[in-house]
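The values are calculated or read from the model by the stated rules, or taken from the named source; none is laboratory data. These figures come from a predicted structure and were not determined experimentally. Glycine also receives a Cβ, built like all others from the backbone with ideal geometry; neighbour counts cover every protein chain displayed. When the accessible area is computed, the model is the full protein with side chains, heavy atoms only, and any ligands, DNA or RNA have been set aside. Shrake-Rupley method; radii C 1.70, N 1.55, O 1.52, S 1.80 Å.
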Amino acid sequence: MQPVKVYADRRSQPSRAVIIFCRVNQIDFEEVTVDLFKSQHLTPEFRKVNPMGQVPAIVDGRFKLFESHAILRYLASVFPGVSDHWYPADLFTRAKIESILDWHHTNLRRGAATLVQHTALAPFLGLTTSPEAVKQAEKLLMQSLGVIESVWLKGDAKFLLGNPQPSIADLSLVCEIMQLEILGDEVRDRFMGAHEKILIWMDNVKKATSPHFEEVHELLFHVKARMLQSKAAASNQAFEPSTKLKIASKL
């Protein structure tokens, strides 16, 4: 039996969720890197795997699948070694997990991903940004973090829904929130500082998936460092001409 091919870019939060899931559950897979910064997701070759031109996507034999939530459901259902807590057989618990996954895309993801896109990625890649989009994204992100805390992390819940072990929803949402690292510590803390329950929950998910969680997120922190260096260099360049102008005006 051939390993599952996982087409991913570790800079992508849903890609990381799928890779971590495979590693934690010892699923035999081959990681195929699709470099988003080089637009490899838009090539004709990759569109044969995913016509939508997005990562992650998988190929299992002749079966192709895209959309991270669908991939996680599939992997949890098909591979017998996956523990039940990831995608429970109990239909009531599973339905609750499904509701979180459905909510994720139109709330937390739309807020966090849009914010990162317009405040960090777009300037770094030389793309157009939208102040209005940033404003709306910040509002949606804050609302989403509040919902997670008040609805799914009630009391001393260790994981979403008060479950004793993580589900695919825990992994998917935590990988989403981790993308805020790209914004830098100060900005990240502005959003996360008031949400102690979420920080504890994220730490629980990291511990439950260690050491794979840390290893898969290494590239994200590398990108973060590059972006901060680029931002600092740009600030220095902007500062130098104005400094020279002030000095010249005094001569």
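Relative to the first principal axis of the alpha-carbon coordinates of the chain, what is the inclination of helix 13-24, with its axis defined by its Cα atoms, in degrees from 0 to 90 and to the nearest 10? The answer is roughly 40 degrees. Only the Cβ atoms of Lys and Arg (+1) and of Asp and Glu (-1) were treated as charged; on that basis the dipole of segment 134-174 about its Cα centre amounts to roughly 100 debye. Put simply, the Cα atoms of segment 1-99 extend 42, 32, 22 Å along their principal axes, the longest span coming first. Whenever you get a sec, compute what percent of the accessible area on the chain sits on carbon and sulfur atoms (1.4 Å probe). Ligands and nucleic acids excluded, carbon and sulfur give 55 percent. Straightening the chain between Met192 and Thr33 buys 54.2 nm, computed as 0.36 nm per residue apart minus the Cα-Cα spacing.
Packing, taken as the mean count of other beta carbons within 10 Å per residue, orders the peptides 98-108, 13-23 from highest to lowest as 13-23, 98-108.
Dividing the summed helix terms, -39500 (n - 2.57) for each DSSP H run of n ≥ 4, by the number of residues in the chain produces a 222 nm estimate of -17500 deg cm²/dmol to the nearest 500. When peptides 160-166, 122-128 are ranked by their average number of other Cβ atoms within 10 Å per residue, the highest-first order is 160-166, 122-128.
Ordering Val59, Val6 by how much accessible area each has at a 1.4 Å probe, largest first, what is the list?
Val59, Val6
Accessible area per residue for the chain, computed on protein heavy atoms with a 1.4 Å probe, is 53 Å². The charge dipole of segment 61-198, taken about the Cα centre with unit charges on the Cβ atoms of Lys, Arg (+1) and Asp, Glu (-1), comes to about 380 debye, rounded to the nearest 20. Overall, the chain carries a charge dipole of about 720 debye about its Cα centre when +1 sits on the Cβ of Lys and Arg and -1 on the Cβ of Asp and Glu, all other atoms neutral. Sequence-distant contacts, meaning Cα pairs under 8 Å at least 6 residues apart, place the relative contact order of the chain at 19 percent. Each of Thr128, Asn25, Ser15 was scored by the projection of its Cα onto the charge dipole of the chain, and the greatest displacement toward the positive side belongs to Thr128; charges sit on the C-beta of Lys, Arg, Asp and Glu. Ranked by the mean number of other Cβ atoms within 10 Å of their residues, highest first, the peptides 78-91, 145-158 fall in the order 145-158, 78-91. Just to confirm the number: angle between the C-alpha axis of helix 131-147 and the first principal axis of the chain, 0 to 90 degrees, nearest 10? So the helix axis and the longest Cα principal axis differ by about 40 degrees. List every residue whose amide H lies under 5 Å from the amide H of Ala57, counting only residues 5 or more places away in sequence or on a different chain, with H placed 1.01 Å from N in the peptide plane. Here the answer is Tyr7, since their amide H atoms fall under 5 Å of that of Ala57.
Applying a threshold of 22 Å to the alpha-carbon distances of Lys158/Lys207; Lys5/Lys38; Lys96/Lys154; Lys38/Lys224; Lys64/Lys224 flags Lys64/Lys224 as lying beyond it. For segment 177-234, a Kirkwood hydrodynamic radius built from all Cα pairs, placed in the Stokes-Einstein relation at 37 °C and 0.692 mPa s, yields a translational diffusion coefficient of 263 µm²/s.
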